[in-house]
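The values are calculated or read from the model by the stated rules, or taken from the named source; none is laboratory data. These numbers were taken from a predicted model, which means no experiment stands behind them. Cβ: placed from backbone, ideal geometry, glycine included. Neighbour counts: every protein chain shown. Only protein heavy atoms, including side chains, enter the accessible area calculation; ligands, DNA and RNA are left aside. Shrake-Rupley method; radii C 1.70, N 1.55, O 1.52, S 1.80 Å.
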Protein chains: 2
Amino acid sequence: MGCLDDGRFTVELENGMKIDCSEVGLEEQGKDGSAIEDAVKVLLLGLGEDINREGIRRTPLRVAKALREGTRGYRQKVKDIVQGALFPEAGLDNRVGHAGGAGGLVIVRDIDLFSYCESCMLPFQVKCHVGYVPSGERVVGLSKLSRVADVFAKRLQEPQRLANEVCFALHHAIKPAGVAVVLQCTHIHFPDIESVFLDSNHQGLVKILVSAGSGDFENKNADVWTDFFSLVKFRGISMEKIHRRESSDLCWCPSQCAKASSKVVPINPAMVTAVASIIKSLGEDPLRKEIRGTPNRFVRWLMNFQNSNFDMKLNGFLNAGIDSLNENNEVDLNDKKTFTELNLTFWSQCEHHLLPFHGVVHIGYLISDGYKPIGKSLLQSIVHFYGFKLQVQERLTRQIAEMISPLIGGDVIVVVEASHTCMISRGIEKFGSSTATIAVLGRFSTDLTIRASFLQGIPSPTFT
Amino acid sequence: MGCLDDGRFTVELENGMKIDCSEVGLEEQGKDGSAIEDAVKVLLLGLGEDINREGIRRTPLRVAKALREGTRGYRQKVKDIVQGALFPEAGLDNRVGHAGGAGGLVIVRDIDLFSYCESCMLPFQVKCHVGYVPSGERVVGLSKLSRVADVFAKRLQEPQRLANEVCFALHHAIKPAGVAVVLQCTHIHFPDIESVFLDSNHQGLVKILVSAGSGDFENKNADVWTDFFSLVKFRGISMEKIHRRESSDLCWCPSQCAKASSKVVPINPAMVTAVASIIKSLGEDPLRKEIRGTPNRFVRWLMNFQNSNFDMKLNGFLNAGIDSLNENNEVDLNDKKTFTELNLTFWSQCEHHLLPFHGVVHIGYLISDGYKPIGKSLLQSIVHFYGFKLQVQERLTRQIAEMISPLIGGDVIVVVEASHTCMISRGIEKFGSSTATIAVLGRFSTDLTIRASFLQGIPSPTFT
């Protein structure tokens with residue numbers, strides 16, 4: 001038997017892989033990159049930012065780099081990945097059954113991926129499970145299942161299409177008896193600045209489970225699906241949840257489900273054009289049906305973080321907000337006990353990468369003579385106001401502390417815990433990582449006991 | 001204030017960063033790569049393998065690529081990573097305390113890394129927590145903490161040195177008030193083929209926790225460590241476990257703790273020379289004290305997977321092993337109930353990448369007329385025998401099934417669940433992923449009910 005490594009399947013791959021023919025040469029990277037940079041400058045200006053401000057001056061460069069990296073799948077070929085990783089592997093020798101290179105399910109579970117939502121351009125997380133049934137006495141290197149899935153994840157996507165494309169590509173590349181793909185997708189559901197104060201039970205994430213099957217897996221009721229789910233069930237996937245979405249629940253991306261705003265916000269057409277040009281630079285067709293409304297949706301969302309919006313609203317709110325101090329919270333002010341408000345949610349936008357970060361804020365403070373405790377809703381509002389702008393976590397932490405300090409007489413501690421999309425959706429891909437920052441004012445900076453006591457009262461993170 | 005992005009700290013960085021001066025130009029990659037390939041061929045020949053066998057014919061190329069990628073830290077500079085990611089960030093404005101760019105702890109938790117053990121060359125996993133206290137009104141982009149840690153992880157390492165180097169490099173690059181690094185490291189502890197049958201309680205993993213601190217963190221008892229541990233404690237790290245290792249517990253790598261074997265196994269000097277040349281090609285000094293014995297240790301370990309070893313031992317064992325069938329296991333053989341043996345551990349070596357994979361095997365079988373049940377120890381031995389060789393998981397699964405089939409009359413199902421080091425220690429870095437393969441013979445291939453019943457009885461994975 002000839003070696004499968006070099007070329008035996010090359011012709012099949014070349015003939016079979018129509019799906020992955022987009023090819024942007026590396027030499028174009030510079031040109032596309034600078035087109036994206038120019039577009040990002042338009043967006044920053046539209047947000048009312050000074051594009052020469054330190055901190056965001058190089059944001060266009062960083063965004064272009066991150067977007068190119070995050071959509072590198074447009075420039076990758078499945079053929080290049082699978083070629084050289086098909087290995088001859090004997091099946092059973094004169095016995096009834098399935099094993100090795102002829103039957104016998106092979107599964108890779110719990111592959112962490114991220115993708116960009118084609119509807120709103122925010123990254124979404126994917127937990128991917130891939131399986132196939134070998135055929136023709138050949139198997140593929142296990143890591144290739146993950147690598148091929150990543151090629152299609154690194155594009156503007158929608159969960160069901162992603163599953164279908166991974167399934168189709170693997171089927172044509174490996175020529176197995178069948179391929180199964182199951183994806184658990186999680187989309188951040190940012191509230192918008194209008195509604196965040198009204199909806200305290202805002203669900204921060206939208207989750208969906210999709211699947212695709214070819215060959216033996218084409219029939220959703222085939223026995224081999226039972227085997228597949230038996231072998232992934234340990235990881236918390238139950239078969240009952242698997243279904244092709246009906247037309248009634250097409251609303252996976254929150255930007256598509258958003259109710260029409262009561263007031264029509266005028267959208268800056270230059271920003272919309274800029275986003276369309278970014279999409280084109282990445283290798284996508286901005287006129288594709290599913291993408292046509294994306295620039296508009298993205299800009300509408302981005303305007304939540306408009307600079308002037310923020311200052312105007314903060315001033316208006318604080319004037320009204322002081323009255324909402326919680327008068328019912330009777331305390332012995334001589335006691336100097338720490339007032340705490342834990343797990344206040346926040347949503348923000350990283351000014352270095354124009355990508356969201358979100359999490360919770362924990363606040364502790366002492367009451368000085370002549371001051372009163374602050375109501376939870378005012379604290380939550382302060383957190384939202386400093387969240388809804390282009391930010392960095394360190395500054396957010398400091399600003400919240402500085403805002404609260406004069407309201408209670410100076411002794412305050414603020415801890416911010418966050419997940420940064422920019423930590424997973426670029427080359428770094430540190431999925432489980434999280435950040436924590438702390439600001440301490442007054443007694444909290446000098447009194448270790450009181451600080452430690454507050455910190456030890458913070459529960460395990462509830463955000464994901 | 002001038003922009004910190006370009007150049008303000010360049011001089012400091014260049015003067016400060018003596019640690020990271022190794023630099024192998026890209027043009028040398030080809031030469032080094034082919035030196036590694038030649039060395040890998042020597043190792044494969046020493047294992048008694050046919051280096052032209054399909055499946056391993058391109059293993060030298062794959063190993064060279066994976067090793068170069070896995071040790072790319074030798075060719076990376078901290079300066080290149082941090083430069084352009086130092087941002088001006090105000091501290092507190094006329095208030096007592098610490099926040100923003102002047103004080104106020106910043107932590108990134110749960111960064112998944114892997115590194116190569118300098119003592120045995122096997123990869124080890126690292127859960128990394130990094131923090132620093134900003135100073136001089138500047139902060140560093142959060143992702144850089146992870147990136148800098150990765151530069152030093154991607155080398156031949158030892159946990160304490162890794163912590164020290166990350167700490168030192170960040171301190172010099174950021175110039176903060178202090179840096180804290182805490183690493184939870186996990187090393188695979190492969191049993192050797194001599195002892196695996198004797199020690200059924202073999203611990204498959206060695207774990208250690210190390211820390212390093214600079215500036216404010218230099219004193220292990222400083223208050224700021226209390227803050228640090230309060231902010232990572234949610235993730236299951238308790239401060240009590242943090243200690244610098246004493247000289248008495250230097251034995252982190254199992255290869256160094258191994259008791260002298262009762263019989264002295266002669267080591268092939270050509271293989272030892274080959275490993276030394278690989279280490280040199282990667283950019284390490286093979287004469288460095290800690291590394292001098294590494295080629296010897298690696299070859300000694302690798303010889304567990306010698307081809308001839310395996311066949312000889314299997315024949316000898318099976319002749320003796322048939323007698324060890326479990327005679328006490330009284331069963332009604334007309335009942336056709338499924339005999340199961342779950343969670344049999346296995347250890348193996350991926351023939352595509354010369355990297356370990358390990359996990360558990362689940363076996364189910366029916367007894368045909370005239371056959372008896374098989375004792376657990378024989379099943380475990382069969383699993384070990386097929387594990388201790390250069391393997392692929394699909395073949396391992398099939399071979400175990402084919403070996404058992406004639407012993408019980410033909411009806412057998414084998415499921416193998418594994419973690420593949422090669423899935424995490426190359427560019428893929430899919431830390432949480434695991435694989436599952438299945439072989440079904442006889443009635444298990446045709447009777448869905450009996451197969452599903454067995455699969456549903458498999459518990460959640462106990463291996464990590």
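Considering only residues in segment B:395-418 that are part of a helix (DSSP H, G or I) and open to solvent by 10 Å² or more (accessible area, probe 1.4 Å), the one that is farthest from residue A:95 (Cα to Cα) turns out to be B:395. When residues in segment B:442-462 are screened for being part of a helix (DSSP H, G or I), more than 18 Å from residue A:96 (Cα to Cα) and touching a residue at least 40 places away in the same chain (Cβ under 8 Å), 3 of them pass.
Considered as a group, the residues in segment B:102-123 that are within 19 Å of residue B:148 (Cβ to Cβ) and more than 7 Å from chain A (Cβ to nearest Cβ) include one that is surrounded by the fewest Cβ atoms within 10 Å (Cβ to Cβ), and that residue is B:114. Out of the residues in segment A:124-137 that are open to solvent by 10 Å² or more (accessible area, probe 1.4 Å) and more than 24 Å from residue A:91 (Cβ to Cβ), state the one that is nearest to the chain's Cα centre (by Cα). Per the criteria, the residue is A:125. The listed residues are B:162, B:198, B:170, B:183, and the only one of them that is at pLDDT below 90 and either in a helix (DSSP H, G or I) or not acidic (Asp, Glu) (or both) turns out to be B:198.
One residue stands out among those in segment B:201-221 that are in a strand (DSSP E or B) and free of Cβ contacts under 8 Å to residues at least 40 places away in the same chain: the one that is most open to solvent (accessible area, probe 1.4 Å), which is B:207. Condition first: at the interface with chain B (Cβ under 9 Å from one of its Cβ atoms) and either open to solvent by 20 Å² or more (accessible area, probe 1.4 Å) or among the aromatic types (Phe, Trp, Tyr) (or both). Can you find one or more residues in segment A:362-372 that meet it? No, there is no match, as no residue in segment A:362-372 is at the interface with chain B (Cβ under 9 Å from one of its Cβ atoms) and either open to solvent by 20 Å² or more (accessible area, probe 1.4 Å) or among the aromatic types (Phe, Trp, Tyr) (or both).
Does residue A:101 satisfy being of a type in the set (Gly, Ala, Ser), in contact with a strand residue (DSSP E or B) (Cβ under 9 Å, 6 or more places away or on another chain) and at positive phi?
Working: of a type in the set (Gly, Ala, Ser): yes; in contact with a strand residue (DSSP E or B) (Cβ under 9 Å, 6 or more places away or on another chain): yes; at positive phi: no.
Criteria not met by residue A:101.
Taken together, A:351, A:341 contain a single residue that is crowded, with 17+ Cβ neighbours inside 10 Å, touching a Lys or Arg at 6+ places or on another chain (Cβ under 7 Å), at pLDDT 90 or above and not small (Gly, Ala, Ser), which is A:341. Counting only residues that are open to solvent by 10 Å² or more (accessible area, probe 1.4 Å) and hydrophobic (A, V, I, L, M, F, W, C), segment A:172-188 holds 2 of them.
Modelled with pLDDT of 95 or more, surrounded by 22 or more Cβ atoms within 10 Å (Cβ to Cβ) and assigned by TED's automatic domain parsing to the domain that holds residue A:347, is that true of residue A:386? Considered against the rule, which asks whether it is modelled with pLDDT of 95 or more, surrounded by 22 or more Cβ atoms within 10 Å (Cβ to Cβ) and assigned by TED's automatic domain parsing to the domain that holds residue A:347, residue A:386 comes out as no.
With respect to (1) surrounded by fewer than 19 Cβ atoms within 10 Å (Cβ to Cβ); (2) at pLDDT 90 or above; (3) under 19 Å from the mean Cα position of the chain (by Cα), the lone exception for residue A:297 is condition (1).
Only residues that are surrounded by 19 or more Cβ atoms within 10 Å (Cβ to Cβ), under 17 Å from residue B:141 (Cβ atoms) and within 14 Å of another protein chain (Cβ to nearest Cβ) were counted in segment B:63-82, giving 3.
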